[in-house]
């Protein structure tokens with residue numbers, strides 16, 4: 001850091017430097033820190049925005065989804081234009097962070113988080129923040145964090161209630177200690193989770209606060225579960241003991257990391273009416289897709305990281321990056337498959353037959 005950069009940092013974060021537990025040294029530590037925010041919806045966008053405003057120097061944001069109107073009441077740094085265009089949440093989050101502070105290095109990854117990529121996502125960061133909406137991904141993050149000795153902050157919201165826990169491998173309980181049955185023992189659900197923006201912002205703020213404390217050198221106590229009742233305005237702290245028989249943080253067993261992701265399968269996106277597909281091979285680049293599809297579809301949006309078209313039946317098909325496809329507006333899986341195949345055939349991508357890929 002040059003003398004002029006240090007002076008600008010001191011000026012910009014002069015109020016933050018006055019805070020006990022941060023100080024000028026904490027400000028410098030924050031600026032040199034690297035963070036991964038997995039999920040860029042209500043929780044993740046709150047966390048990313050607060051980390052950016054706190055001066056974190058590198059933020060990696062990861063999400064496979066696109067912005068729609070149902071996100072606007074609770075998701076930070078997005079607006080109606082993003083919903084109209086179906087902007088990838090990771091892209092919108094990246095642009096929002098850059099708008100706050102152009103000197104922050106932001107990496108946006110438009111992809112599913114699975115056993116193929118989660119270790120690469122967390123390997124070179126100082127802390128991971130949970131902005132996801134499903135327990136399967138959270139258990140996967142927990143295993144990757146423990147394996148690579150990375151602290152992370154678990155966060156979840158349902159209606160007026162939320163939970164947050166700072167997890168530091170080797171110093172306290174991990175997520176599997178909190179939920180010994182693991183993902184396999186939990187009943188899967190794709191119900192729409194009720195949420196209000198005030199609650200997701202409150203929970204995301206507590207999560208980001210724990211991360212800021214850790215990065216500034218004021219390490220929070222690990223294994224403390226914050227149970228938030230936003231309707232009553234109460235927060236209860238519950239001590240979670242490390243399980244001496246924990247298969248993850250004690251025995252070093254990583255069952256979720258060992259599972260291979262489902263590729264080429266059309267599935268419903270939990271909590272929405274959309275369908276998603278993880279391609280078995282990289283799709284053509286967005287520029288190539290745009291040129292191939294322009295003559296076939298009259299309604300097309302093309303951006304550097306995605307292409308979105310509407311079929312003649314009114315179904316929207318969005319290709320995000322090179323590996324993820326989101327289909328919206330289909331009444332059922334058959335309609336979603338038909339819409340995807342219409343786009344795939346025109347684009348030279350694998351088509352689907354009975355939910356299985358055909359080269």
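Kindly provide the set of residues from segment 120-161 that are over 19 Å from residue 251 (Cα atoms), in contact (Cβ under 8 Å) with a residue 60 or more places away in the chain and outside any strand (DSSP E or B), ordered by number.
121, 122, 124, 125, 126, 131, 132, 133, 134, 136, 137, 160 - these are the residues of segment 120-161 that are over 19 Å from residue 251 (Cα atoms), in contact (Cβ under 8 Å) with a residue 60 or more places away in the chain and outside any strand (DSSP E or B).
Can you pull out the residues in segment 280-293 that are part of a loop (DSSP other than H, G, I, E, B) and either surrounded by fewer than 16 Cβ atoms within 10 Å (Cβ to Cβ) or modelled with pLDDT of 85 or more (or both)?
Correct list: 280, 281, 282, 285.
Among the residues that make up segment 22-38, is at least one of them closer than 18 Å to residue 274 by Cβ, crowded, with 20+ Cβ neighbours inside 10 Å, at pLDDT 95 or above and assigned by TED's automatic domain parsing to the domain that holds residue 151?
No: zero hits.
Do we find that residue 164 is modelled with pLDDT of 95 or more, in a helix (DSSP H, G or I), crowded, with 21+ Cβ neighbours inside 10 Å and in contact with a helix residue (DSSP H, G or I) (Cβ under 6 Å, 6 or more places away or on another chain) in this structure?
Against the criterion (modelled with pLDDT of 95 or more, in a helix (DSSP H, G or I), crowded, with 21+ Cβ neighbours inside 10 Å and in contact with a helix residue (DSSP H, G or I) (Cβ under 6 Å, 6 or more places away or on another chain)), residue 164 does not qualify.
Just to check your reading of the model, which residue among 236, 232, 221, 241 is surrounded by fewer than 18 Cβ atoms within 10 Å (Cβ to Cβ), assigned by TED's automatic domain parsing to the domain that holds residue 124, over 30 Å from residue 278 (Cβ atoms) and in contact with a helix residue (DSSP H, G or I) (Cβ under 8 Å, 6 or more places away or on another chain)?
241
Quick one: residue 261 ticks every box in (1) surrounded by fewer than 15 Cβ atoms within 10 Å (Cβ to Cβ); (2) touching a strand residue (DSSP E or B) at 6+ places or on another chain (Cβ under 9 Å); (3) free of Cβ contacts under 8 Å to residues at least 24 places away in the same chain bar one, so which box is it?
In the conditions (1) surrounded by fewer than 15 Cβ atoms within 10 Å (Cβ to Cβ); (2) touching a strand residue (DSSP E or B) at 6+ places or on another chain (Cβ under 9 Å); (3) free of Cβ contacts under 8 Å to residues at least 24 places away in the same chain, residue 261 misses (3) alone.
I'd like the full set of residues that are assigned to a strand (DSSP E or B) and touching a helix residue (DSSP H, G or I) at 6+ places or on another chain (Cβ under 9 Å), limited to segment 312-327.
316, 317, 319, 320, 325, 327
Can you report the number of residues in segment 258-286 which are more than 19 Å from residue 64 (Cα to Cα) and touching a helix residue (DSSP H, G or I) at 6+ places or on another chain (Cβ under 8 Å)?
Of the residues in segment 258-286, 0 are more than 19 Å from residue 64 (Cα to Cα) and touching a helix residue (DSSP H, G or I) at 6+ places or on another chain (Cβ under 8 Å).
With the structure loaded, tell me whether residue 309 is within 18 Å of residue 110 (Cβ to Cβ), touching a strand residue (DSSP E or B) at 6+ places or on another chain (Cβ under 6 Å), part of a strand (DSSP E or B) and modelled with pLDDT of 90 or more or whether it fails that test.
Here the answer is yes, as residue 309 does meet what is asked.
Among the candidates 95, 101, 111, which residue alone is at pLDDT below 95 and surrounded by fewer than 24 Cβ atoms within 10 Å (Cβ to Cβ)?
Only one candidate passes the filter, namely 111.
The values are calculated or read from the model by the stated rules, or taken from the named source; none is laboratory data. Nothing here was measured: the structure is a model prediction, and the numbers come from that model. Cβ coordinates were reconstructed from backbone atoms using ideal geometry, including for glycine residues, and neighbour counts include every protein chain displayed.
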